[in-house]
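Enquirer: Have a look at the structure that comes next, please.
Laboratory data are not the source of any read-out in this text; all were calculated from the coordinates shown. These numbers come from a predicted model, not from an experiment. Cβ sites come from the backbone with ideal geometry, for glycine too, and all protein chains shown count toward neighbours.
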Amino acid sequence: DGALGYVREFTRHSSDVLGNLNELRLRGILTDVTLLVGGQPLRAHKAVLIACSGFFYSIFRGRAGVGVDVLSLPGGPEAGGFAPLLDFMYTSRLRLSPATAPSVLAAATYLQMEHVVQACHRFIQASYEP
Amino acid sequence: HEGLVATVKEAGRSIHEIPREE
């Protein structure tokens with residue numbers, strides 16, 4: 001009599017999972033790497049980092065990546081951009097302002113997050129337009 | 001007749017919510 005089966009698609013599942021991962025990050029549960037940015041520690045999950053960034057993919061994909069539990073990222077112009085990028089990875093929301101966009105752009109370039117780089121370029125370009 | 005599968009959308013929450021840190 002027609003339909004043989006049903007697939008129930010939970011449309012908000014991906015955002016529910018990401019929200020829980022963000023809560024785990026904020027509470028330090030199962031975080032397995034510390035990113036040092038200008039001496040400031042940022043705790044995170046390697047699995048989320050490797051899923052979002054070509055740079056972290058290169059670092060963590062091999063067997064050697066298992067033993068990496070502290071990773072220093074560059075200070076200087078990029079430093080202020082790393083925390084917003086980490087928030088983006090865990091929330092899908094990228095906070096940009098004219099003041100922060102250049103450092104987020106620099107950090108996203110370093111972390112090989114091409115789509116964020118493009119979004120930063122579009123934001124900066126739009127902010128120049130009247 | 002393996003192709004007859006209906007997809008039903010579930011708009012509600014899919015998993016438990018980890019309590020927010022106080």
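Enquirer: Can you compute log10 of I(q)/I(0) for the range A:1-70 with the Debye formula, treating each Cα as one identical point scatterer, at q = 0.18, 0.25 Å⁻¹?
Expert: Cα-only, vacuum Debye calculation for the range A:1-70: -0.78, -1.17.
Enquirer: Got a sec? How would A:Y6, A:Y128, A:Y110, A:Y57 order by Cβ neighbour count within 10 Å, fewest to most?
Expert: Details: A:Y6 10, A:Y128 7, A:Y110 18, A:Y57 15.
Final ranking by Cβ density, sparse to dense: A:Y128, A:Y6, A:Y57, A:Y110.
Enquirer: Counting Lys +1, Arg +1, Asp -1, Glu -1, what net charge surrounds B:E10 among other residues with beta carbon under 10 Å of its beta carbon? Each step should come with its number before you reach the end.
Expert: Values: positive: A:R8, A:R12, B:K9, B:R13; negative: A:E9.
Once positives and negatives cancel, what remains is +3.
Enquirer: On to the next question. Bin width 10 Å, alpha-carbon pairs only: give the P(r) of the range A:80-122 as whole percents, running from 0 to the bin holding the largest distance.
Expert: Whole-percent P(r) values from 0 Å outward: 34, 64, 2.
Enquirer: Relative contact order of chain A: what whole-number percent is it, with Cα pairs under 8 angstrom and at least 6 residues apart?
Expert: Working: 147 pairs, mean separation 26.0, N = 130.
Relative contact order of chain A: 20 percent.
Enquirer: Now for a separate question. Lys and Arg at +1, Asp and Glu at -1: add these up for the other residues within a Cβ distance under 14 Å of A:L35 and post the number.
Expert: Details: positive: A:R25, A:R43, A:K46; negative: A:D32, A:D69, A:E78, A:D87.
Counting the neighbours of A:L35, the net charge comes to -1.
Enquirer: In the range A:90-130, which trypsin sites (Lys or Arg not before Pro) fall in coil by DSSP and have 13 or fewer other Cβ atoms within 10 Å?
Expert: Values: sites: A:R93, A:R95, A:R122; in loops: A:R93, A:R95.
Sparse-neighbourhood loop trypsin sites (Lys or Arg not before Pro): A:R93, A:R95.
Enquirer: Say R0 is 35 Å: what FRET efficiency, to the nearest 0.05, do A:D32 and B:K9 get from their beta-carbon distance? Numbers along the way, then the final one.
Expert: On the way: r = 35 Å, r/R0 = 0.99.
With R0 = 35 Å, the Cβ-Cβ based efficiency is 0.50.
Enquirer: Just the ratio, please: alpha-carbon radius of gyration of the protein assembly as shown over 2.2 N^0.38 Å, N its number of residues. Can you show the working numbers first?
Expert: Details: Rg = 19.4 Å, N = 152, 2.2 N^0.38 = 14.8 Å.
Ratio of Rg to 2.2 N^0.38 Å for the protein assembly as shown: 1.30.
Enquirer: A further question follows. Dipole size in debye (nearest 20) for the protein assembly as shown around its Cα centre, Lys and Arg Cβ +1, Asp and Glu Cβ -1?
Expert: Working: 14 positive and 15 negative charges, 49 e Å.
Computed charge dipole of the protein assembly as shown: roughly 240 debye.
Enquirer: Pop a pseudo-label 7 angstrom from the Cα along the beta-carbon direction at both A:Y6 and A:S72 and give the gap in nm to one decimal.
Expert: Here the modelled spin labels are 5.8 nm apart.
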